[in-house]
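Have a look at the structure below before the remarks.
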Amino acid sequence: MKSLLKFITCGSVDDGKSTLIGHILYDAKLLYADQEKALELDSKVGSREGAIDYSLLLDGLMAEREQGITIDVAYRYFTTDNRSFIVADTPGHEEYTRNMAVGASFADLAIILVDAKQGVLIQTRRHVRICSLMGIRHFVFAINKMDLIHYDESRFKTIESEIQELTQELSLESIKIIPLSATEGDNLTKKSTNIPWYEGESLLTYLEDINISDTHEEGFYMPVQRVCRPNHTFRGFQGQIESGSIETGDEIITLPSNEKALIKSIHITDKKVETASKGNPVTIQLDREVDVSKGCVLMKGANLETSKLLSAAILWMDDSELNIGKDYIVKLGTKMLPGVVTDIKYKIDVNNGEHLPASLLKKNEIALCDITLSEKIVTDKFDSHKTLGELILIDRITNMTAACGVIEDIIDSQEEKAAFRYKELRARGDIFEEFYYNLNVSSLSKYKSVLKTYTVGDEIPVKGDSYSYPEDFDILQLSDKVAIRVRNKKIFQMIPITDYIYSGFPVTDACGFAIRAYSEDEVNDFIREYSETDENKKLGFSQKWLSFETYRRVAFNNNFWVI
């Protein structure tokens, strides 16, 4: 069976992307007779004075042919004696960068076209960054239009140096630089006699021979796409295996419920099989009932994580700006859930890679952002497990894809609410979270604008949109058994709850709710009752002892989703 290579062509407007692929298909005799005839007839009324316009094979829209530019992504399948290919020809115009990013998301290799007359442009750099962001590890830099500079070797060497600098800047793993002419066919399917100083192979030969080895992903995992219940005796979990292999009898773990079960049967379409591996769409039946639904993950030895706080490098693709605090629907794996962009750590200058401070993002900008989800989700870094490390942000009003990106870091579930830390003491808390009433959807929203860990000596923000604490008060984190004394807006002391003695200052819990205790005896009763109260009776305990409205209120806003 022939191996398959999925690749993308990208570059600036009029760099010759469509012409390059069209000419390869034509020269390699990969067209049907009627396609070849239609191409020759269409070219007679084209822009090349009757010469064959190879771009017409891919620019299928009337608007594309009229403007002479690619607008939509054109996918083509072809096969040679040595390999099968799927190519995505993508737009070069900045306006259609989102289309180009869609094409890059499926590819193993990118052909970056560079105009020999213009060299490496800002749009070239943007496309390389986006391809790298989308996980592409193999790049071919096609220095096109060599015929227009009379096949000048010195000019090629200059561009080659520019590309080498870009390669080092982005730490690209695998590159090939080929001088060629898409219109004249030089170095496309066979070596060109016009470029005798180039000692490498032609573009098609390189594509046929290159070894695309996937980054090894640890273990087996399968995001659940659907739960299948054809009758009361069968419950199967359907999805595509993204890594590893399984066989009947294997023990797997379900996430996020973290239950263990044995594989009772494996089905591919309507056939029962004993084993299945990466790429197989399967239905898996387990030997017992488990808490699994769409968006959950079955895994074996994959070392996956669950978290609700992610740092992701994203490409912003929406016409409207991204502002900190705006909410979106986040799609990650087979799961969709609400999320908020809580911070833009920095945006990346596409020209030189510099990290720039930013409070908002505009269309086609790339940035590293923090995203807080409404609940914990099974995920991992993109470099470790690709499918669970890539995401998109969907505008919940227009339902348009606003951004795509990859996960760079995950905040450990035990650390995500560590609001206070001192030596061995750690106390989680939501004391600085804001409460908003969303006027658009008539619902209450809870939003964390910052995630910072405070220690002894740090000044804390005692006033926010929806909270106002005294400058002197005590915080009791009962579940972590820590007491924090705040004096003059600074953390004065952090001690074990067993060492805490009430001293007359107001007392709150870790959520910022006032504790209705105004003496040492009452505070001791509060602490004792908490330790003696069962989890299912905590509601009555909270209603007795806690007051929301003393230091908190609900602010009005129209930009937040319930999280």
Residues in region 256-269: is at least one surrounded by 15 or more Cβ atoms within 10 Å (Cβ to Cβ) and under 27 Å from Leu368 (Cα atoms)? yes
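Out of region 264-284, which residues are within 18 Å of Tyr221 (Cβ to Cβ) and in a strand (DSSP E or B)?
Initially, region 264-284 is screened for residues within 18 Å of Tyr221 (Cβ to Cβ), giving 266, 268, 275-284.
Within region 264-284, Ile266, Ile268, Thr275, Ala276, Ser277, Pro281, Val282, Thr283, Ile284 qualify.
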State all residues of region 304-345 that are outside any strand (DSSP E or B) and basic (Lys, Arg); if no residue qualifies, say none. Lys326
Say whether the condition of being among the small types (Gly, Ala, Ser), in contact with a Ser or Thr (Cβ under 9 Å, 6 or more places away or on another chain) and free of Cβ contacts under 8 Å to residues at least 40 places away in the same chain is met by at least one residue in region 381-392. yes
Only one residue in Leu172, Leu148, Leu188, Leu204 is in a helix (DSSP H, G or I), touching a residue at least 40 places away in the same chain (Cβ under 8 Å) and not assigned by TED's automatic domain parsing to the domain that holds Ser243. Which one? Leu204
Out of everything in region 348-400 that is of a type in the set (Gly, Ala, Ser) and closer than 18 Å to Gly135 by Cα, what residue ends up being modelled with the lowest pLDDT? Gly353
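Check region 494-502 and report whether any residue there is farther than 28 Å from Lys544 by Cβ, in contact with a strand residue (DSSP E or B) (Cβ under 8 Å, 6 or more places away or on another chain) and crowded, with 19+ Cβ neighbours inside 10 Å.
At the first step, the residues of region 494-502 found to be farther than 28 Å from Lys544 by Cβ are none.
For region 494-502, residues farther than 28 Å from Lys544 by Cβ, in contact with a strand residue (DSSP E or B) (Cβ under 8 Å, 6 or more places away or on another chain) and crowded, with 19+ Cβ neighbours inside 10 Å: absent.
Count, please, the residues in region 214-234 that happen to be in a strand (DSSP E or B) and either surrounded by fewer than 17 Cβ atoms within 10 Å (Cβ to Cβ) or at pLDDT below 90 (or both). Show your work before the answer.
Here is the first cut: in region 214-234, the ones in a strand (DSSP E or B) are 220-223, 226-231, 234.
Now drop any that are not either surrounded by fewer than 17 Cβ atoms within 10 Å (Cβ to Cβ) or at pLDDT below 90 (or both), which leaves 226-231, 234.
Of the residues in region 214-234, 7 are in a strand (DSSP E or B) and either surrounded by fewer than 17 Cβ atoms within 10 Å (Cβ to Cβ) or at pLDDT below 90 (or both).
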Can you find, within region 513-540, the residue that is surrounded by the most Cβ atoms within 10 Å (Cβ to Cβ) among those that are closer than 27 Å to Phe432 by Cβ and among the basic types (Lys, Arg)? Arg516
Residues that are modelled with pLDDT of 90 or more, more than 29 Å from Asn211 (Cβ to Cβ) and out of contact with any helix residue (DSSP H, G or I) (no Cβ under 9 Å at 6 or more places or on another chain), drawn from region 119-152: Lys145, Asp147, Leu148, His150, Tyr151
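Out of all the residues in region 144-165, which are under 37 Å from the mean Cα position of the chain (by Cα) and closer than 14 Å to Leu113 by Cα?
Taking region 144-165 as the starting set, the residues that turn out to be under 37 Å from the mean Cα position of the chain (by Cα) are 144-145, 156-165.
Scanning region 144-165 gives Asn144, Lys145, Phe156, Ile159, Glu160, Glu162, Ile163.
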When you check Glu208 against the structure, is it acidic (Asp, Glu) and surrounded by 15 or more Cβ atoms within 10 Å (Cβ to Cβ), yes or no? yes
Would you say Ile314 is closer than 25 Å to Val406 by Cα, buried (at least 18 other Cβ atoms within 10 Å of the Cβ) and of a type in the set (Val, Ile, Thr)? yes
Consider only pairs whose beta carbons are under 6 Å apart and that are at least six residues apart or on different chains; among these, list those whose first residue lies in region 537-557 and is among the aromatic types (Phe, Trp, Tyr) and whose second residue is assigned to a helix (DSSP H, G or I). Trp545/Phe526
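The values are calculated or read from the model by the stated rules, or taken from the named source; none is laboratory data. A quick note: this is a predicted structure, and the numbers were derived from the prediction, not measured. A quick note on method: Cβ atoms are made from the backbone with ideal geometry, for glycine too, and the neighbour counts reach across all protein chains shown.
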